[in-house]
2 protein chains.
Amino acid sequence: MTEPRWLDEHEKAAWIAFLSATNLVNRRLEQQLKDDAGLSHTQYEVLVQLNAADGGALRMTELADRLVTSKSGLTYQITQLERAGLVFRRSCPSDVRGVFAEITDQGREMLRLAAPGHVEAVRHALIDVLSPDQLAHIAEGLGEVARRLRS
Amino acid sequence: MTEPRWLDEHEKAAWIAFLSATNLVNRRLEQQLKDDAGLSHTQYEVLVQLNAADGGALRMTELADRLVTSKSGLTYQITQLERAGLVFRRSCPSDVRGVFAEITDQGREMLRLAAPGHVEAVRHALIDVLSPDQLAHIAEGLGEVARRLRS
DNA sequence: ACACCGTGTTTCAAATTTGAACAACAGAGT
DNA sequence: ACTCTGTTGTTCAAATTTGAAACACGGTGT
């Protein structure tokens, strides 16, 4: 068993910063959305994705992939959003197994109301903290990280 | 009500990369630790913190702050780790209310066994994907993000 | 000594998340 | 048509997470 390649000082600093920042940012945004709009971050992202999607609808699996969540977790959240009238299920014409989640007018309205506060929170927690240069580096680096992990 | 400062193209790209990468990395590491060591990421981080701490022990609140988790959540996880024999509780001499979580020899051994695979996974998911330059930018940027959110 | 406010931890119920098992179907190859 | 293999979405039980409330105590000011 060969000695593992431990993280050097710089790598460890980057890893700790990554861990802390991601946890703190997520926690902050979760709280902001819950307080201001009564939505979880996952639910908010569902609405964002559906709102931006063609026809305001996406297949369950496609949506789960985009949100990086489990399929069963999405089933639960869509049920919650359906109860709240922000989303509804519609079966897929071309595939009997398939289910579309589609955003309702009320869902779009909820997004309109929640978005400004959320964007402000994202700015305050992350975007406005970084210089344009730092932001570009992070976009490129983390973009590559995400790309590779989707294989 | 003034128009919110929406994210421009670059900012949005950075935000999406951040969201995707953090979710994917967390999910990957969670899975690796569970498969290889039977630990959740939170549990692993508890062991890391205690192992590095002076005397192998930390107060509950201090530990919760470092892990960026709720105090009740930590109570639960420490109980789990205690059952597994990796950690034990010890009351604080100077403050009757206080509780120390202390790592056991078995806990240190578990860490020794789990660390190599975990480091390898961290490298594969994040560190080795980035150039030293990108890593430095991310460490600095996200370090600042974390620092600000701890206030 | 005493009242008061703040801190440290746990308990509790409710919400969420997960993977495995399941049921129903699609699609390719024969 | 038919068998196989892989997908799709849901259900289920178990594990985890959360905030609010409860509890017990510390520390300060009077």
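Can you tell me which residues in segment B:32-45 are assigned to a helix (DSSP H, G or I), more than 20 Å from A:Val25 (Cβ to Cβ) and within 13 Å of DNA strand D (Cβ to nearest atom)?
Within segment B:32-45, B:Leu33, B:Lys34, B:Ala37, B:Gln43, B:Tyr44 meet the criteria.
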**OP:** Please find, among A:Asp54, A:Asp95, the residue that is more than 10 Å from DNA strand C (Cβ to nearest atom) and either farther than 27 Å from A:Gly143 by Cα or open to solvent by 30 Å² or more (accessible area, probe 1.4 Å) (or both).
**Re:** A:Asp54
Subject >> Which numbered condition A:Thr2 fails, given (1) open to solvent by 50 Å² or more (accessible area, probe 1.4 Å); (2) over 21 Å from A:Ile127 (Cβ atoms); (3) of a type in the set (S, T, N, Q); (4) within 16 Å of DNA strand C (Cβ to nearest atom) >> reply: (4)
Original post:
Would you pick out the residues in segment B:132-151 that are more than 18 Å from the chain's Cα centre (by Cα) and among the aliphatic types (A, V, I, L, M)?
Top reply: B:Leu135, B:Ala136
Original post:
in contact (Cβ under 8 Å) with a residue 12 or more places away in the chain and within 12 Å of DNA strand D (Cβ to nearest atom) - does that describe any residue in segment B:49-57?
Top reply: no
Subject >> Where a residue in segment A:59-74 is without any contact (Cβ under 8 Å) to a residue 60 or more places away in the chain and its partner, wherever it lies, is among the acidic types (Asp, Glu) and near DNA strand D (Cβ under 8 Å from one of its atoms), with Cβ under 7 Å and at least six apart >> reply: none
**OP:** Of the numbered conditions (1) open to solvent by 80 Å² or more (accessible area, probe 1.4 Å); (2) at pLDDT 95 or above, A:Ile138 fails exactly one; give the number of that condition.
**Re:** (1)
Subject >> Yes/no for B:Ala115 being under 16 Å from B:Gln43 (Cα atoms), within 15 Å of DNA strand D (Cβ to nearest atom), of a type outside the set (Val, Ile, Thr) and open to solvent by less than 80 Å² (accessible area, probe 1.4 Å) >> reply: no
**OP:** Would you tally the residues in segment B:81-118 being among the basic types (Lys, Arg) and over 19 Å from the mean Cα position of the chain (by Cα)?
**Re:** 4
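Does segment A:15-30 include one or more residues that are more than 9 Å from chain B (Cβ to nearest Cβ) and farther than 17 Å from B:Ser20 by Cα?
Checked segment A:15-30: no residue is more than 9 Å from chain B (Cβ to nearest Cβ) and farther than 17 Å from B:Ser20 by Cα.
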Subject >> In segment B:60-71, residue surrounded by the fewest Cβ atoms within 10 Å (Cβ to Cβ) [restricted to those that are of a type outside the set (Ser, Thr, Tyr) and within 13 Å of DNA strand D (Cβ to nearest atom)] >> reply: B:Lys71
**OP:** Scan segment A:19-41 for residues that are closer than 15 Å to A:Leu81 by Cβ and buried (at least 18 other Cβ atoms within 10 Å of the Cβ) and jot them down.
**Re:** A:Leu33, A:Ala37, A:Leu39, A:His41
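The values are calculated or read from the model by the stated rules, or taken from the named source; none is laboratory data. If you're wondering where the values come from, they're calculated on a predicted model, not measured in any experiment. We place every Cβ from the backbone using ideal geometry, glycine too, and count neighbours over all the protein chains shown. Calculation scope for accessible area: heavy atoms of the full protein, side chains included, ligands and nucleic acids excluded. Shrake-Rupley method; radii C 1.70, N 1.55, O 1.52, S 1.80 Å.
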